[in-house]
């Protein structure tokens with residue numbers, strides 16, 4: 001009996017520490033991480049338009065958009081709480097079963113967007129376009145493994 | 001005829017400069033600004049739980065959440081493009097017809113969240129709670145005037 005109680009407490013501590021510090025729901029966590037990626041998308045689209053020549057290339061605006069994503073590059077992870085492969089999500093269950101591999105993709109993205117923010121501040125259009133491509137590849141690498149195609 | 005062409009060009013320039021630098025749609029702009037506020041909400045909820053004692057007070061986590069919002073405190077504005085009081089939105093048309101008053105609310109929010117990020121770094125729970133309240137008030141002041149109640 002005592003052991004069962006200890007096991008329950010240990011399980012509870014694990015749940016609390018694996019998730020976030022407050023009592024959030026999987027639904028709220030899903031909404032949150034989708035929102036983070038939506039904000040990324042807006043800024044990526046703005047940079048893509050410039051990189052493709054659909055909008056005038058403006059190094060200052062490029063740096064602004066890169067800087068915005070860079071400032072929130074770690075934010076989505078908190079939304080991947082346990083049991084939140086739910087509802088209208090494209091998250092594959094492998095995110096949780098292969099967490100280390102998922103985090104490797106995340107870390108690669110963080111590095112590439114960090115480099116883009118630096119490169120954009122430099123103002124060299126050719127270098128910026130190349131590094132923007134590298135960010136896109138880091139997004140795609142994770143989507144290929146961990147996102148359901150629709 | 002010449003005057004009509006000039007008027008058209010002037011109109012086009014106005015549209016391009018009032019909105020964003022790339023060809024975005026009002027629908028995308030709406031999605032974007034809602035996403036920004038959704039990210040705010042996640043971080044505000046986490047701080048609220050600590051401020052209310054529903055979660056253990058953790059100054060470091062509080063500073064993390066305040067810092068995240070502070071880093072993106074200016075981001076929503078770009079989503080308020082012309083003609084985007086559309087679809088499933090709580091944005092009142094007064095946002096556009098009283099733009100300066102709207103931006104005053106925005107600037108007040110930016111100041112208060114900036115102060116919260118500073119205060120949170122200090123670690124004084126009482127001061128943090130007070131400043132968190134000030135941020136909430138700055139949100140509410142804007143909602144009262146410019147958001148449709150549901």
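The values are calculated or read from the model by the stated rules, or taken from the named source; none is laboratory data. Please read these numbers as outputs of a predicted model, since none were measured by experiment. In this analysis, Cβ positions are derived from the backbone assuming ideal geometry, glycine residues included, and neighbour counts consider all displayed protein chains.
So is residue B:109 within 20 Å of residue B:72 (Cα to Cα) and touching a residue at least 40 places away in the same chain (Cβ under 8 Å) or not? For residue B:109, the condition - within 20 Å of residue B:72 (Cα to Cα) and touching a residue at least 40 places away in the same chain (Cβ under 8 Å) - is not met.
Does residue A:131 satisfy the condition of being free of Cβ contacts under 8 Å to residues at least 24 places away in the same chain, crowded, with 17+ Cβ neighbours inside 10 Å, touching a helix residue (DSSP H, G or I) at 6+ places or on another chain (Cβ under 6 Å) and away from every other protein chain (no Cβ under 11 Å)? Taking the combined requirement at face value, the residue satisfies it.
Of the numbered conditions (1) over 18 Å from residue B:131 (Cα atoms); (2) at pLDDT 95 or above; (3) more than 14 Å from the chain's Cα centre (by Cα), residue B:61 fails exactly one; give the number of that condition. Answer for residue B:61: the failing condition is (1). Consider residue A:60 carefully, then state whether it is surrounded by fewer than 20 Cβ atoms within 10 Å (Cβ to Cβ), farther than 30 Å from residue B:49 by Cα, out of contact with any helix residue (DSSP H, G or I) (no Cβ under 7 Å at 6 or more places or on another chain) and facing another protein chain (nearest Cβ under 9 Å). The answer is no for residue A:60. Within region B:123-150, the set of residues being closer than 20 Å to residue B:52 by Cα and at pLDDT below 95 comprises B:123 only.
When residue A:53 is tested against (1) under 25 Å from residue A:149 (Cβ atoms); (2) free of Cβ contacts under 8 Å to residues at least 60 places away in the same chain; (3) surrounded by fewer than 16 Cβ atoms within 10 Å (Cβ to Cβ), only condition (1) is not met.
For region A:74-96, the set of residues classified as surrounded by fewer than 20 Cβ atoms within 10 Å (Cβ to Cβ) and within 11 Å of chain B (Cβ to nearest Cβ) consists of A:74, A:76, listed by residue number.
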